[in-house]
Each structure stands twice: as structure tokens, then as C-alpha cells.
């Protein structure tokens, strides 16, 4: 298991948002602009890396029966630390905008998922790398979503106006329904790229169970 | 499960929790100062943009008043030792997302100057149209390095400018009043109006007391 492979798998192959499809609540709620997405991504990365490291350190002494409550305590601790640090040092506008979603990192499925699926079975260093990689993948997916939504809504990127004369915001994109629509296109694109790649390599592409075609009969 | 095992697991969980609590207490203590400094800075910044130039520290001489069950903070601004205006902070519970706080400049005669919303939980993009004073940088500005630092306009907040507190309470234009509202953000607009009406009435009720204070 090479370190680089553990890091990069979170970026593309096992991207938490686009492939594992975990942690949808903050994804859909916060990704309405590039700046907010970036702030949320960095905060989540910190919690992921920290909790992965600590959980991996204590994995051998925690009794199996109470491991989940123990993990939650660790994750909640890191979540609260991030909340306090952001209150003290981040731009006030960013903290106000992210609001309730910072304390809610605690219940983000990705954090718990990585703790249970990875950190509780691997050594501390590799777990830390996994947490950083997953966090980076989460941040990338969120920022990409955020920029697309921000641009289509008000013609801005990172709050800088790209097109002059964009007078009325296209509200749909900044609200939850727009988030679902854009995310749908992202997931479809991810599936398409992976399918092409598999076909080129001469393999059969099996989409992730959450994203395959069995629920939809449009093109059959 | 045996009783002894239950006790053992409880003890383990208790230890984990107390370690976590200890770490959090440490982080809380370490960041406490910066958190309160950040909050003060936020108020100071708002004060600066609505009061303009002053040579005292309004944060130090804040006057807390109560009127009709609501609390208000009055920040006096002085120039050459004389109070020329107040910044009043007023919170309305009637916002679409709960509390909405406005800060307004009221000069000694009761005339309202700049109004700003300092805290709100309105719907981004809908309610915030009524509450935000926001100007987006354009790519051309960013490249040429030009910056516009004047206070961005806001239809609702600007329609209070020049009104005298003695003419309160005001009404929205669509109810036959004087204050603009924004289509799609009626609740947010009326929450601003509500906060301003209370602020003006609170100022009126304390006006005589304040004037003796100015005289001193």
C-alpha cells in the first residue's frame, strides 16, 4: 500500500461525494458558492484527518462493543475544535455563512464511514493519509459543484463577477433543487467517464450500486 | 452481558469522554480571547461604516436600554468631546429565519442616517436581497486594481435615511407607508421595519435623558 495511492484514491477512484455518495447533507446545503464550499471542505478535511488519526491510535484498546460511541466522542471533539477555531480565526462572513453546518460535521457520514471502514483497521499514518485524501476529494467535489452553481446563479466565480450586466440572479441554482440537479449531472458525468475508461481498457464497467441504471428505464 | 463487563465498558467510555472534555476545555480557553476579539471587531467595523468619523471608542461607552420588553444597545459617537450621533442596535424576532439585528445611525436630533443589518438568518438569495449591502467585484476591477469602497446601496435600508425618529412607527409602501420593500422578501423587509420602529420608539422614550447627558 503506497502512501500516494492512499491519498489519491480519495480524489477520484473513491471520491466521497461522487463515487461513495456519502455526506450529501452538507454537500447539497453548502455548495451554493465557491467560497462556502472551500471553507466547508477545509473544515471537514481537518475533522476527517484528525479523527482518523486518533481513532487509529486507539483502535486496539477500544472494546468492540462500544467502539461506535467512542468514535462519535472523538469526532465530536474535533468538530467542536473546528467550530471554535473558525469562530476565532476565520473571516466572520464565512463563519456566518456556514453557520449550523460546522457543528453538523459531526454527523457527516463520510467521517463516521472512514472511521469504521478504514481507520479502525489500519495504522495511524496510513489512516491520516486516507483522511487527508478523502478530505481533499470532498473539498474538490464541493468546490466544483459550488463554482458551477455560483456561476449559473449569478455569473460570479469566488464572488468575482465574470459577466457584467448579469442583473437578476437565477435563484433555482442557489437553492436545494438546483443542488440536486447539478449533482445529478456530476454523477452522470462521473459514470460516463469511468465507463469510457473501462471500455478502453477492455473491461466491463460496473457502476457503483447507488448510481447504476436499475432504477431508471429511460434509455432501455 | 455480565454486570462486571457493563461496568468496565461504562468506565472506559467515561474515561474517553473526560479526556475529550479536557481537550475541549483547553481549546476553549486558548481561543476564548480571540473569539471575543473577533466579535468586538465585527461590531467595531459595523460602527465605523455607519457612524463615519469619530474620535472616541463607542464600544466602551455603550448604553444598554430596555423598551417594551426588548433590549437595545446605544453606542454614542463623539467628535471633539461632544456626542454628535448614536448607533443603535435593535433585534427583531420576526425575520424569516428568526432573529434579525439592525444597526442604525441616529443623530442627536433623532434623524436617521445609515442603516445596516448586522445579524440575520434569512434565505440566501431571497431574504438577503433586503438585508445585504453587497457589491460584487467585477473581473475588470480586479485586474485594474481599482476598488470602490463606498457603502453599497440597498433599497430597503436606504429608505430610512433622513427620516426622523419622531415620525415612527413607519409602514411599508405597499401598506400605504414610506418604506420600500423587496418583492419576494416581504417578511425580511418587514422584520427590518419592525426592528427600526422599535429602535426609533426606544430612542424617543430615552431622548430627554440622553439630551441631559449630552448637555453634561
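Every read-out reported here was derived from the displayed coordinates using simple, explicitly stated rules and does not represent laboratory data. Treat the numbers as computed from the prediction; the structure is a model and nothing was measured. Don't worry about glycine lacking a Cβ; one is built from the backbone with ideal geometry, like all the others, and counts go over all protein chains shown.
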query: How do A:31, B:10 rank when sorted from fewest to most other Cβ atoms within 10 Å of their own Cβ?
result: B:10, A:31
query: How large is the convex hull of the Cα atoms of segment A:29-69 per residue, expressed in Å³ as a whole number?
result: 65 Å³
query: In the protein assembly as shown, what percentage of the DSSP-assigned beta bridges are antiparallel, given to the nearest 5?
result: 90 percent
Alpha-carbon centroid distance for the pair segment A:54-73 / segment B:4-61, whole angstrom: 28 Å
task: Compare A:51, A:120, A:167 in a GNM of chain A, Cα atoms joined below 10 Å, and give the one with the largest fluctuation.
output: A:167
- line: Partner shielding of B:34-46, taken as the mean number of other chain Cβ atoms within 10 Å, equals 2
- line: At q = 0.10 1/Å the base-10 log of I(q)/I(0) from the Debye formula over the alpha-carbon atoms of the protein assembly as shown is -0.87
field: segment B:1-82 - Debye-derived log10 I(q)/I(0), Cα point model, q = 0.21 Å⁻¹
entry: -1.01
statement: Rounded to the nearest 5, the percent of DSSP beta bridges in chain B running antiparallel is 95 percent
message: Can you bin every Cα-Cα distance in segment A:65-111 into 5 Å intervals starting at zero and give me the percent of pairs per bin, rounded to whole numbers?
response: 5, 22, 27, 20, 13, 7, 4, 2, 0
Prolate/oblate/rounded call for segment B:118-216, Cα gyration tensor, a/c under 1.5 rounded: oblate
- prompt: For segment B:46-120, what class follows from the C-alpha gyration tensor (a ≥ b ≥ c being the square roots of its eigenvalues): rounded when a/c is under 1.5, otherwise prolate if a/b is larger than b/c, else oblate?
  reply: prolate
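Pop the C-beta distance of residue A:168 and residue A:104 into the FRET formula with R0 = 35 Å and round what comes out to the nearest 0.05.
Given R0 = 35 Å and the Cβ-Cβ separation, E is 0.65.
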query: GNM, chain A, Cα, under 10 Å: largest mean-square fluctuation among A:19, A:143, A:111?
result: A:19
query: What Kirkwood hydrodynamic radius, in Å, does chain A give when the mean of 1/r is taken over all pairs of distinct Cα atoms and then inverted?
result: 18.5 Å
message: Once you order the gyration tensor axes a ≥ b ≥ c over the Cα atoms, which shape class does segment B:42-198 get: rounded for a/c under 1.5, otherwise prolate or oblate by comparing a/b with b/c?
response: oblate
field: Size of segment A:70-182 as Cα extents on the principal axes (Å, biggest first)
entry: 54, 29, 23
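As a check on your grasp of the helix formula, calculate [θ] at 222 nm for the protein assembly as shown: sum -39500 (n - 2.57) over DSSP H runs of n ≥ 4, divide by the residue count, round to the nearest 500.
When only DSSP H runs of four or more count, the value is -17000 deg cm²/dmol.
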